[in-house]
Amino acid sequence: MSELIITLLWALPFAASVVAILLPTSARNGAAWLAGCVAAIGFVLTVAAFPSVADGGVLRVGTEWIPMAGLNLDFRLDGLGWLFCILITFIGLLVVLYARYYMSPRDPVHRLYSLLLAFMGSMIGVVLSGNIIQLAIFWEVTSLVSFLLIGYWYHRGDARDGARMALIVTGAGGLALFFAMLLVGHIVGSYQLDDVLASGSLIVQHELYPVTLVLFLIGAFTKSAQFPFQFWLPNAMTAPTPVSAYLHSATMVKLGVFLMARFWPVMSQSDLWFWVVTYTGLITLLVGAYTSLFQRDLKGLLAYSTISHLGLITTLLGMGTPLAAVAAIFHIANHATFKASLFMAVGIIDHETGTRDIRKLSGLRKALPFTSALAIIASGAMAGVPLLNGFLSKEMFFTETAEFDPNPFVNLSLPIVATLASMLSVAYSIKFVHGVFFGPPATDLDRTPHEPPPLMRRPIELLVLACLAVGIVPGITIGPYLAAAVTAVLGPDVPYYSLSVWHGFNLPLVMSLIAMAGGTVIYISYYRRLRNVDGVPLLRRLRGQRIFERILLTATNKWAVRLTAALGTKRLQTQIFLVVAVALAAGVGAGWARLGQLPLPREFDPVFALLWALGGLSAVAAAQQAKYHRLAAMILLGGAGLATCITFAWLSAPDLALTQLLAEIATTVLILLGLRWLPKRLPVPEDVSWRVRFRRFRDALLAGIVGLGVATMSYAVMTSQPGDGISSFFLENAYVQGGGTNVVNVMLVDFRGFDTLGEITVLGMVAITVFALLRRFRPAADSLERPEQQQVQEAFAAKDESGRDVAEYLLVPSYMMRWIFPVVILIALYMFLRGHDLPGGGFIAGIILSLAFILQYMAGGTRWVESRLRIRPMLWVGWGLLLALLTGLGAMLLGYPFLTSAFAYADLPWIGKVPMASALLFDLGVFVLVVGATMLMLVALAHQSIRKPQPAAPARRRQIQKSDQWS
């Protein structure tokens, strides 16, 4: 049961995300119901799992991924993960309900719900990860999905800028975290989270600890918007308010503090941790609170207050004491509830008034009485008013900062800065309440405000109710759940802590009273003297956004332009020369270095040597003919390829020979379709002819050196293996473990199936990229070699004496091609089915079927094939990749590592025993994708070849859209 709960928790949101994006735009209610049901199911499953984690228990589910490297797909649910799952699912459910009424009917809400579900799944993946590399991967997924959510309104420039900034900052932090996780795994000797948490002081005492900690904290600080990375969070407020309420109060920005809490037992017991984490959090706490006071946009005020409260949590985690960790975890839950409710209240204010500018808002408590009451209570929780949840965790914060420390600087700075920041927190909370809900009613609003629909307000009511319940009876409402989370971090030896509302008249209470009184005074002074001041006094020049834009954007672009101007060129020949020269310097030299150590060949076959000589002469002649006749050069180049095919066959590699031969045919068609785009050859002036000859001699010399170097390096690799090398393993296990006698095919679809999956993924991406580039490509009409093409067109347009088209005589072979088509399909099917035991396979069969389609294009043209065959290459690419992926996932569902294959013999009537392997399904995915990718590229080229001269811009766009429908 526990395995089902954990699997559904992280997998169900991703599956529902795919379903939601496929829903029609008009299905607003359907998408909302889908997202709401998934969030509700996740919440119920999390609640059901609490008895298993209440007393320090851990639920685990795992699947082998790459066991030899210590990488498994593991998920674990403990008390800390449970608390975060509750926040993710419960607040996610409320956000879904809220978004149903907040989003405009013109917005594509199915895309919003799809992204919210994907983000929910990636967040749950982070908090449940039992493998630290897996945690880093899910971490980066949250950055990618949040980029799409922040830029949801991509037609707005500020949304695109905010999304880009968030992605760069958090993505770079995620990369640092990935390296930190690699170092942690290296130190501990395992990537499993259980092993890391059980390592004790091993990490802290290691010599790599400082580097690991810096990289680790960069990942945490960027995600939780800690100084000096805090600037991205306010710019992310361009997202829709439901997104802000979810990402920036309960989920995304909490990941950094979650990471520090998760690794707190093994990384916090050092002075370096204390000084860096504590004072980074303290600076963030103070700067965020001070900046929030001067914000005029309500979401900006809440954004900087979020930064401040995240700094408070970071400060607590940096102190390194168990009670400080308890207070940090408690405040994580409290902040999520009151900040999500405040974001939603701001969304209602914006929705009903048309503005978030606090200067235009006033006296809304009469127009929005229920909403104003809820927002006032939530603001009180944010300020730390007694009998609200924020008061309890903030009092615990004061208690920890007031503890005596032998260091005088620490002993003074912690309580003073904590009290000052709390004063500012009270001040900006009063600003929010007084500036929006009190005073005379506003008269220049865009809309007449009124209460929203009750269901839109219901999420705020539930969150505010939670603030009151936790603040009044914390021991009953949150006590057991906080204890489970604390036990997961601190272990069984949890120190005593009290959740009582009244602890007597003590120093923390005095600090709270000073904070409320001082905050009131600060707000009164601000309201009288500084409310009309533009910007943030004292911090106008210290803007992280400006530094980011100048260093990471402007300076990077400037240096990129200079580097491109210095090393780049518009000439393809020069670019290829540079690439080959770098390859020569980097790798080929290794082959030449071992030249004297290589053994001489034992046998010499003059026929084989003649074959290579003919292939080499064909290559040299192709380079020579390229100056005069490109078609002749292409034919000679095919001769060199044919020599390679015969070489593979000669050396008993029929699969490679077939693949090379079919690739030669497909490449020839590709080049034929592209030759007409090449510019005309201009006569070379006499004064520069010597330069051209020198360049050709230089290129030929470089090509020869690189060719000989690669040959030497390949020969060195082949002769350096002792005995049969690794080939004996595959020869012995191909049939025993893979169920096939064709060792090459078994390697591709079984032993190295993961590599093949990556290769076909790249092939599909390349095909889509080629299509995307070519569908807008328009070769210049005056730069093409057209005489031969014009002659062919005139011949095809001519008529004989009886008035019949000459094309009917010229295209007699086209009927033969159509008759050949089913024969080639049978050949492709035959090569596919025999591939596991004899030469063949999905890749070879895919190229054969692609060539069959190309023959039909050559015979009947693109329009005939589209109307008769109805090829959709994009779908072939997608279904092929999906089929290959599902084959691997099927093994995982049965408890085996990804892409593990199984085989057996099926006894078919009239046929007998037939070998059946699950790798056949994977090979079928390869086959389908190869057909789709090849057709997508070649047919895109064919469409360009039949394009007519382009009309004016509007008509041209319509024609482009029409011509793209085939894909």
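The values are calculated or read from the model by the stated rules, or taken from the named source; none is laboratory data. As the structure is a prediction and not an experimental result, all values here were calculated from the model. Ideal geometry is used to build each Cβ from the backbone, glycine not excepted, and the neighbour counts take in all protein chains shown.
For segment 536-557, the count of residues that are part of a helix (DSSP H, G or I), out of contact with any strand residue (DSSP E or B) (no Cβ under 8 Å at 6 or more places or on another chain), surrounded by 10 or more Cβ atoms within 10 Å (Cβ to Cβ) and at pLDDT 70 or above is at least one.
Among the helices (runs of 4 or more DSSP H) confined wholly to segment 1-116, which include 1 or more residues that are more than 25 Å from GLU461 (Cα to Cα)? Even if it seems obvious, please write down each step before you answer.
On the way: elements: 2-22, 28-48, 50-53, 79-102.
Those helices (runs of 4 or more DSSP H) span 2-22, 50-53, 79-102.
Would you be able to say whether some residue in segment 175-186 is under 19 Å from THR278 (Cβ atoms), of a type in the set (A, V, I, L, M, F, W, C), surrounded by 24 or more Cβ atoms within 10 Å (Cβ to Cβ) and in contact (Cβ under 8 Å) with a residue 40 or more places away in the chain? So far as segment 175-186 goes, no, none of its residues is under 19 Å from THR278 (Cβ atoms), of a type in the set (A, V, I, L, M, F, W, C), surrounded by 24 or more Cβ atoms within 10 Å (Cβ to Cβ) and in contact (Cβ under 8 Å) with a residue 40 or more places away in the chain. When you scan segment 240-248, do you find a residue that is touching a Gly at 6+ places or on another chain (Cβ under 7 Å), outside the structural domain of GLY79 (by TED's automatic domain parsing) and among the polar types (S, T, N, Q), even just one? For segment 240-248, residues touching a Gly at 6+ places or on another chain (Cβ under 7 Å), outside the structural domain of GLY79 (by TED's automatic domain parsing) and among the polar types (S, T, N, Q): absent. Taking the criterion of being surrounded by fewer than 20 Cβ atoms within 10 Å (Cβ to Cβ), small (Gly, Ala, Ser) and outside any loop (DSSP other than H, G, I, E, B), the residues of segment 356-402 that qualify are ALA367, ALA373.
Of the residues making up segment 386-409, at least one is in the same structural domain as THR315 (by TED's automatic domain parsing), touching a Cys at 6+ places or on another chain (Cβ under 6 Å), of a type in the set (S, T, N, Q) and at negative phi.
So, of the residues in segment 255-308 that are among the small types (Gly, Ala, Ser) and under 29 Å from the mean Cα position of the chain (by Cα), which turns out to be nearest to ILE358 (Cα to Cα)? Reasoning before the result, please.
Within segment 255-308, the subset among the small types (Gly, Ala, Ser) is 256, 261, 268, 270, 281, 288-289, 292, 300, 303, 305, 308.
Then keep just the ones that are under 29 Å from the mean Cα position of the chain (by Cα); that gives 256, 261, 281, 300, 303, 305, 308.
Numbers: GLY256: 30, ALA261: 36, GLY281: 28, GLY300: 11, ALA303: 15, SER305: 16, SER308: 20 Å.
It comes out as GLY300.
Would you check if ARG76 is modelled with pLDDT of 90 or more and basic (Lys, Arg)? The answer is yes for ARG76.
Tell me whether segment 72-81 contains one or more residues that are surrounded by fewer than 18 Cβ atoms within 10 Å (Cβ to Cβ) and in the same structural domain as ILE124 (by TED's automatic domain parsing). Yes, segment 72-81 contains a residue that is surrounded by fewer than 18 Cβ atoms within 10 Å (Cβ to Cβ) and in the same structural domain as ILE124 (by TED's automatic domain parsing).
Tell me, yes or no, whether segment 244-255 has at least one residue that is in contact (Cβ under 8 Å) with a residue 24 or more places away in the chain, β-branched (Val, Ile, Thr) and in a helix (DSSP H, G or I).
The answer is no; no qualifying residue exists.
For segment 620-646, a residue qualifies if it is under 27 Å from ARG693 (Cβ atoms), aliphatic (A, V, I, L, M) and crowded, with 17+ Cβ neighbours inside 10 Å, and the qualifying residues are ALA621, ALA622, ALA633, MET634, LEU636, LEU637, ALA640.
Listed conditions (1) at pLDDT 80 or above; (2) in a helix (DSSP H, G or I); (3) surrounded by fewer than 14 Cβ atoms within 10 Å (Cβ to Cβ) are all met by LEU656, apart from (3).
Yes or no: ALA225 among the aliphatic types (A, V, I, L, M), modelled with pLDDT under 95 and in a loop (DSSP other than H, G, I, E, B)? Can you show your working first?
Working: among the aliphatic types (A, V, I, L, M): yes; modelled with pLDDT under 95: yes; in a loop (DSSP other than H, G, I, E, B): yes.
Answer is yes for this residue.
Might you check whether a residue that is closer than 30 Å to LEU420 by Cα, assigned to a loop (DSSP other than H, G, I, E, B) and among the aliphatic types (A, V, I, L, M) occurs anywhere in segment 445-459? The answer is no; no qualifying residue exists. Criterion applied to ALA484, ALA442 was being of a type outside the set (Ser, Thr, Tyr), over 43 Å from the mean Cα position of the chain (by Cα) and crowded, with 17+ Cβ neighbours inside 10 Å, and the one residue passing it is ALA442.
Consider ILE218 carefully, then state whether it is out of contact with any strand residue (DSSP E or B) (no Cβ under 6 Å at 6 or more places or on another chain) and within 23 Å of GLY491 (Cα to Cα). Against the criterion (out of contact with any strand residue (DSSP E or B) (no Cβ under 6 Å at 6 or more places or on another chain) and within 23 Å of GLY491 (Cα to Cα)), ILE218 does not qualify. Restricting attention to segment 491-534 and to residues that are in a loop (DSSP other than H, G, I, E, B) and charged (D, E, K, R), the residue that is nearest to ALA381 (Cα to Cα) turns out to be ARG531.
Out of ILE168, ILE137, one residue alone is closer than 28 Å to VAL204 by Cβ, assigned by TED's automatic domain parsing to the domain that holds GLU3 and either surrounded by fewer than 20 Cβ atoms within 10 Å (Cβ to Cβ) or out of contact with any helix residue (DSSP H, G or I) (no Cβ under 8 Å at 6 or more places or on another chain) (or both). It is ILE137. Out of THR63, THR46, one residue alone is surrounded by fewer than 21 Cβ atoms within 10 Å (Cβ to Cβ) and of a type in the set (S, T, N, Q). It is THR63. Residue pairs whose Cβ atoms lie under 7 Å apart, separated by 6 or more positions or on different chains, with the first residue in segment 835-854 and in the same structural domain as VAL877 (by TED's automatic domain parsing) and the second among the hydrophobic types (A, V, I, L, M, F, W, C) and not in a helix (DSSP H, G or I), are HIS836/ALA917; PHE853/ILE871.
Per-residue answers, yes or no, for (1) modelled with pLDDT of 90 or more; (2) buried (at least 18 other Cβ atoms within 10 Å of the Cβ):
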site: ALA859; (1), (2): no, yes
site: ARG868; (1), (2): no, no
site: LEU875; (1), (2): no, no
site: LEU883; (1), (2): yes, yes
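Within 40 Å of the chain's Cα centre (by Cα), over 29 Å from LEU368 (Cβ atoms) and modelled with pLDDT of 90 or more: is that true of ALA427 in this structure? In short, no.
Rundown of residues vs (1) touching a Leu at 6+ places or on another chain (Cβ under 7 Å); (2) among the aliphatic types (A, V, I, L, M); (3) surrounded by fewer than 24 Cβ atoms within 10 Å (Cβ to Cβ), yes/no style:
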{"position": "GLN192", "(1), (2), (3)": "no, no, yes"}
{"position": "ASP195", "(1), (2), (3)": "no, no, yes"}
{"position": "SER199", "(1), (2), (3)": "no, no, yes"}
{"position": "ILE203", "(1), (2), (3)": "no, yes, yes"}
{"position": "HIS206", "(1), (2), (3)": "no, no, yes"}
{"position": "LEU213", "(1), (2), (3)": "yes, yes, yes"}
{"position": "PHE216", "(1), (2), (3)": "yes, no, no"}
{"position": "HIS248", "(1), (2), (3)": "yes, no, no"}
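With the structure loaded, tell me whether PRO839 is closer than 22 Å to THR667 by Cα and at pLDDT 70 or above or whether it fails that test. Yes.
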